Each structure stands twice: as structure tokens, then as C-alpha cells.
Amino acid sequence: MSRWSRHLEALTQAISGMGGRDVHDAATGQDILEREAPETVTASVDAAEPDRHSASVEQALVRGMEVTLGDLESTEHGWMYRGNPVMVYAVDVAAVEDQQVRKEFFHRVHLASCCGALEDPAQVVWIGTAREALAAPGLSGTPHACEYCLTKVNHRGFRGLGPRDRTRVADGFSFHWHVSQYAQEFFSSEEAHFWAPGKSVQVVGDVEPEAADHGTCGFCEWPVPAGHDWFVPVERGAALGLSMDACILCAQQQAMGVLTLPETSALAASQARFDTKQEHPAMSAHDAETETERDWSRVRRQLPLSWHPLCEQLERKLSAPVLFHRFTGYEGVAVLAWPEHRRGIVATEEERARLPEGWDFWTMRSVLGSLG
């Protein structure tokens with residue numbers, strides 16, 4: 001029987017017999033997880049119990065903290081701890097008798113409740129925010145992403161990938177990317193927020209609130225108009241890890257952390273920037289959109305990060321679309337359009353009502369849902 005088959009069998013047994021027993025109440029006299037990596041044990045205990053005067057919860061979470069699942073707030077695609085998105089790892093399922101399977105499960109990073117072992121509020125787990133720095137007693141090396149979690153949340157289209165691409169996505173797993181794609185679950189959607197491992201969540205508008213609200217983006221050269229909260233001056237951007245003035249879209253892609261944007265405002269900024277570049281092609285000849293020069297990298301550069309998961313999945317199946325396609329005599333806009341097929345993708349159901357018949361229009365959410 002393969003290791004994965006034994007893993008599933010052991011977890012099934014654990015799920016059926018799991019109670020509130022503590023993780024260290026193993027039947028064996030000396031737990032295998034406590035016999036490994038003594039250097040890691042010392043570092044992890046220090047991280048789990050930070051000096052109240054020298055370290056914050058956010059700083060402790062970089063290396064890891066020991067809690068129970070009941071201490072966490074659950075969302076559809078992950079967990080929160082005191083306002084921080086967190087990974088769960090170093091889960092020692094005492095009810096699993098097969099020590100090899102138990103150890104393998106212990107070295108997994110979990111993004112969501114993918115099995116019964118992660119549904120017991122009394123289950124002791126470790127949580128953290130920076131995968132390469134995670135530590136815990138008995139953890140040898142960087143934990144790897146759980147493929148069942150990647151499947152459940154369909155991380156980067158994981159369900160539709162072949163074995164080789166699944167391995168590539170799992171090996172390259174980024175918690176930063178995961179949080180950015182499900183940011184609306186982790187943070188309020190009404191304002192722009194910035195979060196990074198080791199830092200508390202902050203409202204971007206509260207950073208240097210008197211700074212300029214318009215100027216030219218140092219990355220894409222867009223002259224950002226005033227009055228829309230689309231400009232991040234360097235005085236504010238320094239807190240985001242930026243070294244020059246930026247539009248909010250470039251700031252989102254260049255920030256040293258997760259910059260979340262209100263979806264409607266972000267898409268409006270994207271369209272406004274695109275329209276400006278179309279009106280002044282000399283300003284950005286590299287991104288000039290033509291029927292003969294359509295490519296997905298240009299599409300991703302123009303759109304907010306919330307549209308990138310859709311682009312990534314469609315890129316495997318379709319040619320690049322026309323961006324922000326307009327229709328003569330109609331007010332609506334298709335964010336992505338394939339005129340040759342009379343198909344398009346719109347932001348909302350309301351937008352679809354403002355577009356012509358004879359085309360097949362889908363919303364971004366409905367397409368993502370159909371793709372799994």
C-alpha cells in the first residue's frame with residue numbers, strides 16, 4: 001500500500017475516534033516529535049512565549065505560536081488569529097498510530113480545514129505567517145504545503161492541474177499570494193489595508209494622511225488624478241516597502257506585503273489608467289493594446305490582483321483577450337473580451353444588463369466558480 005493510501009486510512013481512523021485529548025497524550029512513552037531537532041525546540045518556545053516588552057503577537061507569529069484550533073477564527077479559505085491571517089502547521093494527531101504518517105502530517109502547512117483532524121476545537125496546533133521561518137518542537141525543516149488544502153481552496157487552479165504542475169505549485173506555495181487572493185475574507189473590503197508578516201494590519205489612508213493625493217506613478221508613469229485615493233506618495237509608500245511614488249495598482253504589485261483594495265475602486269483605477277494610456281500611446285508604448293498584440297502578461301499588469309487567479313486559469317485555455325472592451329451605443333464595459341467569439345467577462349451582474357445581446361457575458365465570480 002502506498003504512503004498516501006496509508007495516510008488516508010490513518011486519518012480516517014483518527015477522524016472517527018478523535019476527541020479532546022491533548023496532542024502530547026500519545027500512547028507511546030516517548031513521543032517521536034519531541035526527540036528531534038533540539039535547537040528548533042529552544043527557538044520555538046521562545047517564539048511562542050514572547051517577552052511582552054520586546055515582541056508583539058505579530059512578531060511572534062513570524063516563527064510560530066502554539067494555540068488550539070478553538071483560539072482561531074475560521075473563514076472559508078483560512079484562519080485568523082487576533083486580526084492576522086495564519087497558516088496552521090505542526091499538527092500532532094495523537095489518535096494516529098502510524099508514526100510515519102503522523103510525522104508526515106506534522107510537517108504540513110494547512111490553509112483550511114481539510115480533514116477531521118482540523119475540526120476539533122481542542123486540537124493543539126502551531127500557527128504562523130512566514131513559512132520559511134516557521135519553527136516548532138520536533139519540526140525538522142520548512143513544512144510543505146498540504147495538497148488536500150490546495151485542492152480544497154483550488155490554489156492557483158490546483159484541481160485542474162496535472163501531476164507535474166501540481167508538484168510545481170505545491171513546491172512554490174506562497175502564503176503571501178494566498179492571502180492576497182482571498183483578502184476580502186481576511187480584511188474589511190471598504191478600505192485599502194496593508195499587512196505583512198510581523199506587522200499589524202493598518203489602513204493605508206491612516207499612514208501619512210496629509211500626504212499628496214495625486215501625482216505621477218514612478219512605475220507605470222500614469223498621472224494619477226486627485227480625489228480617488230489612487231495615489232500612494234513615497235511618504236506613505238515607505239511603510240509599504242516602496243521607494244517611489246506609485247499608483248495604487250502598482251503599489252499593490254510592488255508592496256512588501258499584502259495590499260488589499262476595495263474591489264470597485266481598484267477596477268475603476270485600472271480602467272482609468274488603461275484609458276489614459278490609450279489616449280496617450282507615447283506615454284506607454286510597451287503596453288499599447290492592439291488586436292494583433294494581445295498577451296496575458298500585459299493583461300495581468302493592467303488588472304488588480306483580485307483578477308489574477310482568473311487570468312492564470314484562463315491563460316491555460318484561451319488566447320489573450322481585449323481589455324475593457326466597449327460597445328457602440330452601450331454604456332457597459334467588458335473587462336475581458338474575445339470579439340472573435342462574441343464572449344466577454346464583466347465585473348458584476350448589473351454591468352451585464354448594460355451590454356448588447358448576441359454576446360455571451362459572464363461575471364468573474366461565475367467563471368471562477370465554473371472552473372472550480
Checklist entry - Quick check: is even one residue across the stretch 225-243 within 18 Å of R300 (Cβ to Cβ), in contact (Cβ under 8 Å) with a residue 12 or more places away in the chain, crowded, with 23+ Cβ neighbours inside 10 Å and not basic (K, R)? => result no
Checklist entry - Got at least one residue in the stretch 287-295 being within 25 Å of the chain's Cα centre (by Cα) and either at pLDDT 95 or above or not hydroxyl-bearing (S, T, Y) (or both)? => result yes
Checklist entry - Any residue at all in the stretch 142-156 that is under 13 Å from the mean Cα position of the chain (by Cα), in a helix (DSSP H, G or I) and on the phi > 0 side of the Ramachandran plot? => result yes
Checklist entry - Only one of A95, A26 is at pLDDT 85 or above, among the small types (G, A, S) and not in a helix (DSSP H, G or I); which? => result A95
Next on the checklist: For the structure I just gave you, tell me whether G372 is more than 23 Å from A269 (Cβ to Cβ), in a loop (DSSP other than H, G, I, E, B) and at pLDDT 90 or above.
Outcome noted: no
Item to check | Count of the stretch 124-141 residues which are within 20 Å of the chain's Cα centre (by Cα) and open to solvent by 10 Å² or more (accessible area, probe 1.4 Å) | outcome: 6
Next on the checklist: Quick check on L310: is it at pLDDT below 95, buried (at least 19 other Cβ atoms within 10 Å of the Cβ) and not aromatic (F, W, Y)?
Outcome noted: yes
Checklist entry - Can you pull out the residues in the stretch 346-369 that are in contact (Cβ under 8 Å) with a residue 12 or more places away in the chain and either loosely packed, with under 11 Cβ neighbours inside 10 Å or assigned to a loop (DSSP other than H, G, I, E, B) (or both)? => result A347, T348, A353, R354, L355, P356, G358, W359, D360
Checklist entry - Of the numbered conditions (1) open to solvent by 30 Å² or more (accessible area, probe 1.4 Å); (2) in contact with a Ser or Thr (Cβ under 8 Å, 6 or more places away or on another chain); (3) within 27 Å of G83 (Cα to Cα), R159 satisfies every one except a single condition; which is it? => result (3)
Next on the checklist: So the check is Cβ under 7 Å with 6+ separation or different chains; which pairs have a first residue in the stretch 173-189 that's open to solvent by 20 Å² or more (accessible area, probe 1.4 Å) and at pLDDT below 90 and a second one that's acidic (D, E) and not in a helix (DSSP H, G or I)?
Outcome noted: E185/E76
Checklist entry - Any chance the stretch 115-123 includes a residue that's open to solvent by less than 10 Å² (accessible area, probe 1.4 Å), more than 18 Å from G70 (Cβ to Cβ), in contact (Cβ under 8 Å) with a residue 24 or more places away in the chain and not acidic (D, E)? => result no
Checklist outcome for this item: For the stretch 190-220, the count of residues that are touching a strand residue (DSSP E or B) at 6+ places or on another chain (Cβ under 7 Å), of a type in the set (V, I, T), over 14 Å from N84 (Cβ atoms) and open to solvent by less than 60 Å² (accessible area, probe 1.4 Å) equals 2
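The values are calculated or read from the model by the stated rules, or taken from the named source; none is laboratory data. A quick note: this is a predicted structure, and the numbers were derived from the prediction, not measured. Virtual Cβ from ideal backbone geometry, glycine too; neighbours counted across all protein chains shown. SASA here: full protein model, heavy atoms, side chains in, ligands and nucleic acids out. Shrake-Rupley method; radii C 1.70, N 1.55, O 1.52, S 1.80 Å.
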